[in-house]
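Input: a single structure, listed below in structure tokens.
The values are calculated or read from the model by the stated rules, or taken from the named source; none is laboratory data. Not measured: the values here are computed from a predicted model. We place every Cβ from the backbone using ideal geometry, glycine too, and count neighbours over all the protein chains shown. What goes into the accessible areas is simple: the full protein's heavy atoms, side chains included, and nothing from ligands, DNA or RNA. Shrake-Rupley method; radii C 1.70, N 1.55, O 1.52, S 1.80 Å.
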Amino acid sequence: EEGEVAVRAGKGLKALGYGGWLLLDMLQWLQTVKVINLNAESLSWINYYAPRFWLLGLLASLFANAYRARQKAMSGNVDLQKETFEGLQDAIDLVIPASQAGMISVSPTAVGLAGSITSLMGLYSLLK
């Protein structure tokens, strides 16, 4: 079904984005703790692409959530709380990698606030 393909594509892109970001983040951490020694060119490449992979994951997640919400609404289901909450969390989280990638200019306070809010939202999701 067409809708199922769109949701699966969104989930696949989300996994690709988060997987790429986590791999590059791990390489940065291994460099920091001196397990590996990356040259300046490799570090620059990692610093450039890591936030872009994270953005890909977040945008794909937003797409999948919006598509699922649309499908539910079209079928008459008006309970969109999960999709709305996850979409809001992803939208707030966009501030962090977009700032790191130089796509938006926000203060470090705004980045920290976005991270704190989405962390609390994640904790809320786990505890409810």
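Some points to look at:
- Scan of the stretch 36-65 for residues that are of a type in the set (Gly, Ala, Ser) and surrounded by fewer than 16 Cβ atoms within 10 Å (Cβ to Cβ), ordered by number: Ala40, Ser42, Ser44
- Taking each residue of the stretch 91-120 that is closer than 23 Å to Ser44 by Cα and looking for partners that are outside any helix (DSSP H, G or I) and at pLDDT 95 or above with beta-carbon atoms closer than 8 Å, six or more apart or interchain, yields Val95/Ile104; Val95/Val106; Ala98/Ile104; Ser99/Ser105; Ser99/Val106.
- Scanning the stretch 9-35 for residues that are small (Gly, Ala, Ser) and open to solvent by less than 60 Å² (accessible area, probe 1.4 Å) returns Ala9, Gly10, Gly12, Gly17, Gly19, Gly20.
- Taken over the stretch 83-117, the residue count meeting the criterion of being part of a helix (DSSP H, G or I), farther than 17 Å from Leu56 by Cβ and either of a type outside the set (A, V, I, L, M) or open to solvent by 90 Å² or more (accessible area, probe 1.4 Å) (or both) is 10.
So that you can scan it fast, the table gives a plain yes or no per residue for (1) under 24 Å from Met121 (Cβ atoms); (2) of a type in the set (A, V, I, L, M):
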position: Leu22; (1), (2): yes, yes
position: Lys34; (1), (2): no, no
position: Leu38; (1), (2): no, yes
position: Leu43; (1), (2): no, yes
position: Tyr48; (1), (2): no, no
position: Phe53; (1), (2): yes, no
position: Ala69; (1), (2): yes, yes
position: Ala73; (1), (2): yes, yes
